[in-house]
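**Q** The following block contains the structure, expressed as structure tokens.
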Amino acid sequence: MKRLLLTLMALLTGMHLYAQKIEVSAQAYSGLFHFGGKSATANSTVAQASLTGDPNNYTNNPYGNRNAFSYGIGAQVQAVSKSGFILGLQAGYEFLQSKVNIGQYTSAVYYDPNIIYIAPVHPNFSVTGHTNLENRFINLNPYIGYRLQLQKVKLDILPGIDVGLNLSTYDMGTVKDNDDKVYTIDRKINNTPTDVRLRFGLAATYNQFGITASYAHGLTNYEGNVVGDTKFEARSELIRFGISCQLL
């Protein structure tokens, strides 16, 4: 983290020396977020972790490959040279969530020392619904780029990286059985890694207002610490669409 902060400070210091002009803008955007990789799935089950009730329910595999609505806000500062080259940094807050459909509820188990076996308290049964893996990030996006002048519209081509500093991750949702009984999933997941992604963005600006679009592909394996015979892999993927307003 210290090395990252020093790198960003050096980037900001160098921008003033590099620029013909400095541009500062505010941005808001929505997006579609999901996971890819061998562990990502469209369908999963909900399990009961213990016999103490619904707060212990959790998604067996929360890394859904189905998109869910996400959003973010941020600020951007960039230096633009006379030749059109761009050096910039964007920082903001993001709420990113993926989705997985749920088709089965798995009950908790107990150990009976008299019988010496593990048995289900209730049989497994079908349910309908979905859960979301909800992530809150502070996102940093250092980038380089190039500006094309298309009559009155400025088109910026902006490759870079995302560094998603995780604030919290929750496994959230509700499912219903055939009798319309609701089972709630609300569980905090600890030790979510910093999410590093390759990013490619575009920004079209007319006067001080603009529209933005980007795609980010995760390099971080969310299941990198899982040990087993099979390779576990879940990496984030995100599409963003937004608006911007140039302040300076």
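**Q** Just checking, does segment 152-174 include any residue being surrounded by 14 or more Cβ atoms within 10 Å (Cβ to Cβ) and either modelled with pLDDT under 95 or in contact with a His (Cβ under 9 Å, 6 or more places away or on another chain) (or both)?
**A** Yes: one or more hits.
**Q** Continuing with the same structure: When only residues in segment 76-99 that are among the hydroxyl-bearing types (S, T, Y) and open to solvent by 10 Å² or more (accessible area, probe 1.4 Å) count, which is nearest to P62 (Cα to Cα)?
**A** Filtering segment 76-99 for residues that are among the hydroxyl-bearing types (S, T, Y) and open to solvent by 10 Å² or more (accessible area, probe 1.4 Å), the one nearest to P62 (Cα to Cα) comes out as Y93.
**Q** Okay, moving on. Give me the pairs, please: first residue somewhere in segment 193-221 and under 20 Å from N166 (Cβ atoms), second residue anywhere and open to solvent by less than 30 Å² (accessible area, probe 1.4 Å) and not in a strand (DSSP E or B), beta-carbon distance under 7 Å, and either six or more positions apart or on two chains.
**A** The qualifying pairs are P193/T220; P193/Y222; T194/T220; D195/T220; V196/T220; N221/A234.
**Q** Right, something else. All but one of (1) open to solvent by 30 Å² or more (accessible area, probe 1.4 Å); (2) at pLDDT below 95; (3) under 30 Å from Y183 (Cα atoms) hold for S107; which doesn't?
**A** S107 satisfies every listed condition except (1).
**Q** In segment 177-217, what count of residues is obtained for those that are under 30 Å from A49 (Cα atoms), part of a strand (DSSP E or B) and not acidic (D, E)?
**A** In the first step, residues of segment 177-217 are kept if they are under 30 Å from A49 (Cα atoms); the result is 177-195.
Next cut, part of a strand (DSSP E or B) only: 182-188, 195.
Adding the requirement that they be not acidic (D, E) leaves 182-185, 187-188.
The number of residues fulfilling the criteria is 6.
**Q** Out of the residues in segment 201-228 meeting the condition of being polar (S, T, N, Q) and open to solvent by 90 Å² or more (accessible area, probe 1.4 Å), tell me which one is farthest from A40 (Cα to Cα).
**A** Ranking the candidates gives N207 first.
**Q** Within segment 69-83, is there a residue that is part of a strand (DSSP E or B), in contact with a strand residue (DSSP E or B) (Cβ under 6 Å, 6 or more places away or on another chain) and over 19 Å from A26 (Cα atoms)?
**A** Checked segment 69-83: no residue is part of a strand (DSSP E or B), in contact with a strand residue (DSSP E or B) (Cβ under 6 Å, 6 or more places away or on another chain) and over 19 Å from A26 (Cα atoms).
**Q** Here is a check on your reading of the model: is L198 open to solvent by less than 60 Å² (accessible area, probe 1.4 Å), under 19 Å from A91 (Cβ atoms) and under 16 Å from the mean Cα position of the chain (by Cα)?
**A** no
**Q** Tell me the residue from V182, V153, V196, V226 that is among the β-branched types (V, I, T) and out of contact with any strand residue (DSSP E or B) (no Cβ under 7 Å at 6 or more places or on another chain), please.
**A** After applying the criteria, what remains is V226.
**Q** Does L140 meet the test of being among the hydrophobic types (A, V, I, L, M, F, W, C), modelled with pLDDT of 95 or more and open to solvent by less than 30 Å² (accessible area, probe 1.4 Å)? Break it down stepwise before answering.
**A** Details: among the hydrophobic types (A, V, I, L, M, F, W, C): yes; modelled with pLDDT of 95 or more: yes; open to solvent by less than 30 Å² (accessible area, probe 1.4 Å): yes.
It is true that L140 is among the hydrophobic types (A, V, I, L, M, F, W, C), modelled with pLDDT of 95 or more and open to solvent by less than 30 Å² (accessible area, probe 1.4 Å).
**Q** Within segment 205-220, how many residues turn out to be under 23 Å from I22 (Cβ atoms) and either touching an Asp or Glu at 6+ places or on another chain (Cβ under 8 Å) or among the basic types (K, R) (or both)? Reasoning before the result, please.
**A** Restricting attention to segment 205-220, the residues satisfying the condition of being under 23 Å from I22 (Cβ atoms) are 205-212, 214.
The next check asks that each one be either touching an Asp or Glu at 6+ places or on another chain (Cβ under 8 Å) or among the basic types (K, R) (or both); those that pass are 205.
Residues meeting the conditions: 1.
The values are calculated or read from the model by the stated rules, or taken from the named source; none is laboratory data. Bear in mind that the values here come from a model prediction, so they are computed numbers and not experimental data. With ideal geometry, Cβ positions are generated from the backbone for all residues, glycine too; neighbour counts draw on all protein chains shown. Please note that ligands, DNA and RNA were not included when accessible areas were found on the heavy atoms of the full protein model with its side chains. Shrake-Rupley method; radii C 1.70, N 1.55, O 1.52, S 1.80 Å.
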